[in-house]
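The values are calculated or read from the model by the stated rules, or taken from the named source; none is laboratory data. Quick caveat: nothing in here was measured; it's all calculated off a predicted structure. All Cβ positions, even for glycine, are placed from backbone atoms using ideal geometry, and neighbour counts span all protein chains on display.
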Amino acid sequence: MLHFCNIIYILNQLKHEGEDIMKLLSLFSGIGAFEKALKNANIDYDLVGFSEIDKFAIKSYCAIHGIEESLNLGDVSLINVELLPQNIDIIVHGSPCFTGDTLVLTNDGYKEIKDIEIGDYVLDHTNNYNKVINFINQGEKEIWKIKAMGLDELKTTENHKFLVRKKSRIWNNETRSYQRNFSSPSWIRCDELNKDCYLGVAINNNSIIPKWQGVECTRGKTKYMKNDLINYFENPKFWYFCGRYLGDGWVRRRKDRNNNLSGVIICCGKHEDKDFEDKIKDLFHYVKVEERTVFKYQFSNKELATFLNQFGKGAKGKFVPSFVLDLPINLLKCFLDGYFDADGHIEENGDIIATSISRELIYGIAQCSAKVYKKPYSIYQTVRPKKCVIEDRIVNQNNSYNFALRINSNQAFYENGYIWSPIRGIENTHKYEEVYDITVENTHSFTANGCIAHNCTSFSVAGKGKGGDKGSGTQSSLMWYSVDIIKKVKPKYVIWENVKNVMSKKHIHNFNQYIEDLKEVGYTSYYKILNAKDFGLPQNRERIYVVSILEDQHTFEFPQGFPLELKLKDILEDSVEDKYYLSQEMQDRFFKFPQDRLNNECLEVLGTTAPHPYDENGNVKYRNCTSAWVYNPNKCISTLSARDYKQPKQIIEVLPVRLGGVFDEGDKRHQAGSIYDKEFISPTLDTMQGGWRQPLVIDGEVVTNFKIRRLTPLECWRLMGFEDDDFYKAKNVPTSDTQLYKQIGNSIAVPVLENIFKNLFK
């Protein structure tokens, strides 16, 4: 996610060596990497206050720096600048998603989230359409799956929030039985959901007759607008016709150089011919042609063809347009009747079943059904063989999407404008896919695969979004509160640290805005990407640093760095607890990945521990093996992602010729699972929260006698430049391993900051 994090603002009259002790205000403090760097650079300071909202980080910060929790100012957005001390010298400041195939309901129908654009309008939790103001490509993230009644399988990240009601049981003395009770709707993270939760399904409540401009026609040399269809828009038979077309029809084109639309064809089985003809008579002139087991109804009507062309092209490309979703309920029901007559049937229990190879179409039908019937529905996929034989012909097949309207179900229920559907299962796949998010104006919510979701509160360090936009409602956007403080206080120096992706195409506007805002009040800014490995840490951690100086008091040059002498083996503990070691079962997967799937990306990779990429038919199950690389001990390893806490990167004690995998077949990890030699340079440490996402090491003899283990929290703290004493102060709070990994992953490489300070104040 786009973290505008770990920004240091050095405000008001910074003192040079030999002058008074500087006063420090720390915002978004974390565990205090800046404070640690100032101490290491022999720059004395007094802390006047700090701002942090993470309860675990607060305790660790206080323990490490010997600070009382009473100095915590809390939420940075609530800090009143007017009440801050006027003699502050230094301020230190630091500032989730769905897979691309997730369908979002827009005012133009369902669209895959990866195709959403700023300016689109999407259905939000108020059952209204609101404007998209941000689009975020978050890069590859660990995927969770949600299965619920009325939903296709939803793939998202652990931090994404959904509109939920929780079920509980209340004893009824009158009936002498327990009864269901539901809480008020609230936003709950994916990883906090359970089977007592009911997801909210949004319903479009618009009741609008569509507008139609007609179509340009030619009579001789005369051009004119034909607009006859508008007279049919309140006719139920017309919308039945449209529904039937969606299931069994296509538009016809002239065989000329322009390939112009000329008419419409709808097929119907011979057994239903009379019924169909009765339902569409008196609408349009047609010619009926018998062909094998069906009749083809041919409508030579350019305007009708143009209108129906809005429903998409081809069986796989059809969808329900937004104007259909907006129809009044009586007309929408006729539309559904037409579609169900074409591609559906009614079960003995009254349930309505429909099938299509178009996922967007099925979701549109589901939304229409929710609006009309206010009943739960189910959507599921059927995987078919790629080829089959029909009437002695070999034909290609597509997977189908199935819709079932549960007319008599009482498991889900309708209330106050929403269908509330029970969750069937929550699963952490431990796999990685590229994920996306959008920010919606005002409500910050949208409809994803039918259910109501909230946009994430921050954005991916690997992403391409606009999570720092002013007014976006993200954690990243809180940086602008700090900019406001700078403008009011006007410090002599401002230092900003961020992921280098802030310079990417979709983030650069925020970066430029930040530089421009400071320039307006008199700052000259210098920026450069620095790597932790160039400043004494065996960790390949690239970050961008911006140093801004008020009124050009003097120029600034970034430190050049120096050759790395420290190796990963130099920071490893002599002995670790058994809990950090992998099981033998996982170790046995260590030799399975084929060499032909390796991709170095300019790094010298020895091998990988990724699961085998091919299935039994030789098909590739996932794209790459970068998540499980084994790196050359004389080179750098890649960056640990923010969610590597459950899927560790790997190191080895002795340089192997070739190593294998440690994870289940079919897993797809991003920058996780690699095993590194003790001679290796460690991965970049980021937000690690326990489980199997910590880095790994191998103890013992490689190949013949070895063990694989995670890097311990202490080793990770060492890799960020913190001392053992700092670690034990935090650990003894007490703090769990999960939080220790997370805290250090969110921190900053202390030696880099230390050298910046030394150059700035030399």
From Ala370, Ala366, residue being surrounded by 22 or more Cβ atoms within 10 Å (Cβ to Cβ), under 29 Å from Val122 (Cβ atoms), of a type in the set (A, V, I, L, M) and over 25 Å from the mean Cα position of the chain (by Cα)
Ala370
Any chance Lys145 is at pLDDT 85 or above and under 20 Å from Cys197 (Cα atoms):
yes
Only one of Val122, Val92 is of a type outside the set (S, T, N, Q), at pLDDT below 75 and in a strand (DSSP E or B). Can you tell me which?
Val92
Name the one entry in Val264, Val215 that is β-branched (Val, Ile, Thr), over 26 Å from Asn330 (Cβ atoms) and within 45 Å of the chain's Cα centre (by Cα).
Val215
When only residues in the range 521-541 that are more than 26 Å from Ile486 (Cα to Cα) and not polar (S, T, N, Q) count, which is surrounded by the most Cβ atoms within 10 Å (Cβ to Cβ)?
Ala532
Looking only at residues that are in a strand (DSSP E or B) and surrounded by 15 or more Cβ atoms within 10 Å (Cβ to Cβ) in the range 379-412, which one is modelled with the lowest pLDDT?
Ile379
Among Lys528, Lys519, Lys487, Lys579, which is the only one that is touching a Phe, Trp or Tyr at 6+ places or on another chain (Cβ under 6 Å), not hydroxyl-bearing (Ser, Thr, Tyr) and not in a loop (DSSP other than H, G, I, E, B)?
Lys528
Among (1) more than 18 Å from the chain's Cα centre (by Cα); (2) crowded, with 18+ Cβ neighbours inside 10 Å; (3) closer than 30 Å to Val324 by Cα, where does Cys197 come up short?
(3)
Going through (1) assigned to a strand (DSSP E or B); (2) of a type outside the set (Ser, Thr, Tyr); (3) modelled with pLDDT under 90 one by one, Asn205 fails only at (1)
Subset of the range 415-443, residues among the hydroxyl-bearing types (Ser, Thr, Tyr) and either outside the structural domain of Leu123 (by TED's automatic domain parsing) or surrounded by 20 or more Cβ atoms within 10 Å (Cβ to Cβ) (or both), comes to Tyr418, Ser421, Tyr432, Tyr436, Thr439
Pairing a residue in the range 64-91 that is assigned by TED's automatic domain parsing to the domain that holds Leu27 and farther than 19 Å from Ile21 by Cα with any residue that is of a type in the set (D, E, K, R) and surrounded by 17 or more Cβ atoms within 10 Å (Cβ to Cβ), where Cβ atoms lie under 6 Å and the two sit 6 or more apart in sequence or on different chains, gives Ile64/Asp726; Ile64/Lys729
Residues satisfying the stated conditions in the range 345-393, i.e. aromatic (Phe, Trp, Tyr) and more than 25 Å from Gly314 (Cβ to Cβ):
Tyr373
Find the helices (runs of 4 or more DSSP H) located wholly in the range 222-332 whose residues include 2 or more that are touching a Gly at 6+ places or on another chain (Cβ under 8 Å) and not basic (Lys, Arg), and list them.
236-248, 302-308, 322-325
The lone condition Thr106 fails out of (1) more than 20 Å from Lys161 (Cβ to Cβ); (2) modelled with pLDDT under 80 is (2)
Out of Tyr481, Tyr514, report the one residue that is modelled with pLDDT of 80 or more and in a helix (DSSP H, G or I).
Tyr514
Total residues in the range 158-192, condition β-branched (Val, Ile, Thr) and more than 30 Å from Lys431 (Cβ to Cβ)
2
Would you point out the residue of the range 20-57, among those that are modelled with pLDDT under 80 and farther than 19 Å from Pro491 by Cα, that is surrounded by the fewest Cβ atoms within 10 Å (Cβ to Cβ)?
Ile53
Those residues of the range 721-762 that are of a type in the set (S, T, N, Q) and surrounded by fewer than 20 Cβ atoms within 10 Å (Cβ to Cβ) come to a total of 4
Kindly indicate the residue of the range 507-520 that is under 18 Å from Thr555 (Cα atoms) and either in contact with a strand residue (DSSP E or B) (Cβ under 6 Å, 6 or more places away or on another chain) or of a type in the set (Ser, Thr, Tyr) (or both) and also surrounded by the fewest Cβ atoms within 10 Å (Cβ to Cβ) among those meeting that condition.
Ile515
Of all the residues that make up the range 541-559, how many are part of a loop (DSSP other than H, G, I, E, B) and touching a Ser or Thr at 6+ places or on another chain (Cβ under 6 Å)?
2
Among the residues of the range 413-431, write down those that are modelled with pLDDT of 85 or more and either aromatic (Phe, Trp, Tyr) or outside any strand (DSSP E or B) (or both).
Phe413, Tyr414, Tyr418, Trp420
Yes or no: Gly247 assigned by TED's automatic domain parsing to the domain that holds Asp275 and either modelled with pLDDT of 85 or more or in contact with a Pro (Cβ under 8 Å, 6 or more places away or on another chain) (or both)?
yes
Looking only at the range 536-550, filter to residues that are over 24 Å from Ser504 (Cβ atoms) and modelled with pLDDT of 85 or more; which one of those is nearest to the chain's Cα centre (by Cα)?
Leu537
